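Reviewing the structure listed below.
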Amino acid sequence: MASITVLRHAPAVAGSPAKVIMLNNYPSSWQQRYTQQEYVKVDPTVSHGKRSTLPLVWSDKSLASCPAFWEDARAHGLHAGWAQSCHDAKGIGGLLNLSRSDESVSGKELREIALKLSWLVDVAHEGLSQLLIEKYLPEAITQLTAREIEVLRWTADGKTSGEISRIMGISDRTVNFHIANTLKKLNATNKTAATIKAAMLGIL
């Protein structure tokens, strides 16, 4: 069985909470239980995936931070597994969880399949990102003009619209026009949020 979780990590100040898309072929009872209990907030594999791209083998030790979750997963037939994440330049993270109901993943087995699984993580993330990003994170494929980017860079440096107009040799009105365009394109509520989101997406 497999689970693919696509995570977008956004700074809280940007005003846009992380979007989580989960695709899996787990038993429907476990899918419902996972959603009802909001396990994504405490799932040790998700927590690990946010911090590291190294593989995590399911075990009593690695999942000890949330014993209730681990016991519940086992009760639904998920006894062994392996998880690994990847993160791209747009701030989007993907987590692939592979699980089975029989014996645990040994160190020998992991060494034998590690390269193939790492390749699978990257391919799955890239493919799913292309399919899902336009629907769930359209601003990630937004194209800003050179002027809009320059205005945002000066904004990130703490400059006011008046200061930016003098630096760039354009009117305040033109600066505000560029800012308004970036807010719309990046789906941001203010210029601070737009600047943070642009930086997070690798635009700046």
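Things worth noting here:
- Extension gain for the segment residue 38 to residue 131, taken as residue separation times 0.36 nm less the Cα-Cα distance, is 31.0 nm to one decimal.
- Of the solvent-accessible surface of the chain, computed with a 1.4 Å probe over protein heavy atoms with every protein chain present, carbon and sulfur atoms account for 56 percent.
- About its Cα centre, the dipole of the chain is roughly 560 debye, where the only charges are +1 on Lys and Arg Cβ and -1 on Asp and Glu Cβ.
- Gap separating the Cα centres of region 133-204 and region 93-112, nearest whole Å: 43
- Exposure rank, largest accessible area first [182, 142; 1.4 Å]: 142, 182
- 25 Å tail of the calculated P(r), the chain, as % of Cα pairs: 48
- Helix-only arithmetic for the chain: the sum of -39500 (n - 2.57) across DSSP H runs with n ≥ 4, divided by the residue total, places the mean residue ellipticity at 222 nm at -15500 deg cm²/dmol.
- Estimated Rh, region 86-147: Kirkwood, alpha-carbon pairs, angstrom: 14.2
- Here the calculated FRET efficiency for residue 167 and residue 145, from their Cβ-Cβ distance with R0 = 22 Å, stands at 0.80, rounded to the nearest 0.05.
- Under 17 Å from residue 61, Cα to Cα: aspartates and glutamates that are on another chain or at least 8 residues apart: 43, 71, 72, 103
- Phi angles across region 96-101 convert, under the Karplus curve 6.51 cos²θ - 1.76 cosθ + 1.60 with θ = phi - 60°, into 3J(HN,Hα) values of 10, 10, 10, 9, 8, 9 Hz, Gly and Pro given as x.
- Of 41/184; 41/159; 19/184, pairs whose Cα-Cα distance is over 28 Å: 41/184; 41/159
The values are calculated or read from the model by the stated rules, or taken from the named source; none is laboratory data. Remember, predicted model here, so these are calculated numbers, not experimental data. No Cβ is skipped: glycine too gets one built from the backbone with ideal geometry, and neighbour counts run over all protein chains shown. Only protein heavy atoms, including side chains, enter the accessible area calculation; ligands, DNA and RNA are left aside. Shrake-Rupley method; radii C 1.70, N 1.55, O 1.52, S 1.80 Å.
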